[in-house]
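The values are calculated or read from the model by the stated rules, or taken from the named source; none is laboratory data. The model shown is predicted, which means the values in this text are computed figures rather than measured ones. In this analysis, Cβ positions are derived from the backbone assuming ideal geometry, glycine residues included, and neighbour counts consider all displayed protein chains. Ligands, DNA and RNA are excluded from the accessible area calculation, which covers all protein heavy atoms including side chains. Shrake-Rupley method; radii C 1.70, N 1.55, O 1.52, S 1.80 Å.
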Amino acid sequence: MKDCVGIFDGEFEVLRVTAQFYDEVEELLVNISVNHEFGCVISNLKDCPLAIAELRKLIRFIISQGISFAIRHVESDRIVAAIANTIFNTKRMTSYYAVRSQVKSPNMMKYIKLWDAVDASFDVNEHCQVDSTADVEYMGTLPEFRRRGLGHVLCQHSIQMVKLMAHGKLPLEVLVQLAEEIQMERPQAVVAISTSQSSQIMGRQLGMRTIHKWQFSELRSLGGAISEFSGEQALKYVELQVVMV
């Protein structure tokens with residue numbers, strides 16, 4: 001697995017997120033998430049500087065694990081799209097939970113409460129009979145680069161990496177760069193919660209199957225919504241999508 005792959009006739013490069021890209025990837029994902037990601041919007045994170053700082057810390061932790069990807073526009077040398085992935089294992093508690101436990105802002109607490117309630121409402125591990133899953137936590141593309149298929153490419157690379165991890169075939173030079181606590185992991189599935197029509201369609205194109213649905217109103221209730229989410233008007237359901245690896 002190469003850390004840099006040219007795509008679309010060299011117009012873009014797919015990069016595994018390493019330390020030199022942390023700042024730019026973090027900035028992109030935080031800015032897009034606070035304005036567009038369902039949980040962030042209904043928890044009104046963008047109006048709380050402390051909540052944004054806490055989200056920033058969480059995203060930085062996730063991308064530092066070594067299994068996330070970004071896309072760079074070669075001509076401008078800008079990171080224009082990114083995906084942040086992490087691994088959860090029912091038999092092990094990772095330091096992800098230690099980072100979450102430091103949250104103090106009411107808005108970010110509501111955000112975490114929402115996704116904890118979502119996890120409790122449907123047990124993906126039990127349904128799929130697996131212990132370890134790789135989860136897509138955050139994904140975003142700058143507006144001027146959307147509808148180019150960049151999100152699809154990011155997901156493809158993520159799934160490919162998870163497959164290599166699952167079968168113990170990740171190149172040693174890549175494996176040693178991963179966070180120590182996930183080097184031992186052998187994730188058995190890739191999981192994504194899709195809150196937009198485009199992400200749901202993309203998931204199906206990637207071979208993911210929908211194993212559960214929530215109505216937006218149900219999730220708003222679980223999360224104790226503060227603000228409205230405009231996507232509810234165009235889409236009725238949030239989908240939990242999974243592909244086994």
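Couple of notes before you dig in:
- Where R147 falls short, out of the listed (1) modelled with pLDDT under 95; (2) within 22 Å of S221 (Cβ to Cβ): (2)
- Residue list for segment 212-232, filter: of a type outside the set (G, A, S), open to solvent by less than 30 Å² (accessible area, probe 1.4 Å) and touching a helix residue (DSSP H, G or I) at 6+ places or on another chain (Cβ under 6 Å): F216, F229
- Within segment 80-197, helices (runs of 4 or more DSSP H) holding 1 or more residues that are more than 29 Å from D3 (Cα to Cα) and touching a strand residue (DSSP E or B) at 6+ places or on another chain (Cβ under 6 Å): 124-128
- Single condition M184 does not satisfy, out of (1) in contact with a Gly (Cβ under 8 Å, 6 or more places away or on another chain); (2) without any contact (Cβ under 8 Å) to a residue 60 or more places away in the chain; (3) open to solvent by 70 Å² or more (accessible area, probe 1.4 Å): (1)
- Residue check for I59: closer than 26 Å to G149 by Cα, open to solvent by less than 40 Å² (accessible area, probe 1.4 Å) and in a helix (DSSP H, G or I): yes
- You will find that of F69, F8, the residue that is crowded, with 22+ Cβ neighbours inside 10 Å and of a type in the set (F, W, Y) is F69 and no other.
- Residue match in segment 107-116 (condition: modelled with pLDDT of 95 or more, in contact with an Asp or Glu (Cβ under 7 Å, 6 or more places away or on another chain), over 23 Å from G224 (Cα atoms) and surrounded by 15 or more Cβ atoms within 10 Å (Cβ to Cβ)): no
- Residue identified as under 18 Å from the mean Cα position of the chain (by Cα), of a type outside the set (D, E), open to solvent by 20 Å² or more (accessible area, probe 1.4 Å) and under 19 Å from G66 (Cβ atoms) among V162, V190, V153, V136: V136
- Test: residue in segment 97-107 that is in contact (Cβ under 8 Å) with a residue 60 or more places away in the chain and among the aliphatic types (A, V, I, L, M): no
- The set of residues in segment 233-245 that are at pLDDT below 80 and either in a loop (DSSP other than H, G, I, E, B) or buried (at least 20 other Cβ atoms within 10 Å of the Cβ) (or both) comprises A234, L235.
- Considering the conditions (1) open to solvent by 10 Å² or more (accessible area, probe 1.4 Å); (2) at pLDDT 95 or above, V14 is excluded by exactly one of them, (1).
- Among the residues of segment 21-55, those that are assigned to a helix (DSSP H, G or I), surrounded by 18 or more Cβ atoms within 10 Å (Cβ to Cβ) and touching a strand residue (DSSP E or B) at 6+ places or on another chain (Cβ under 8 Å) comprise F21, V25, L28, L29, I32, S33, F38.
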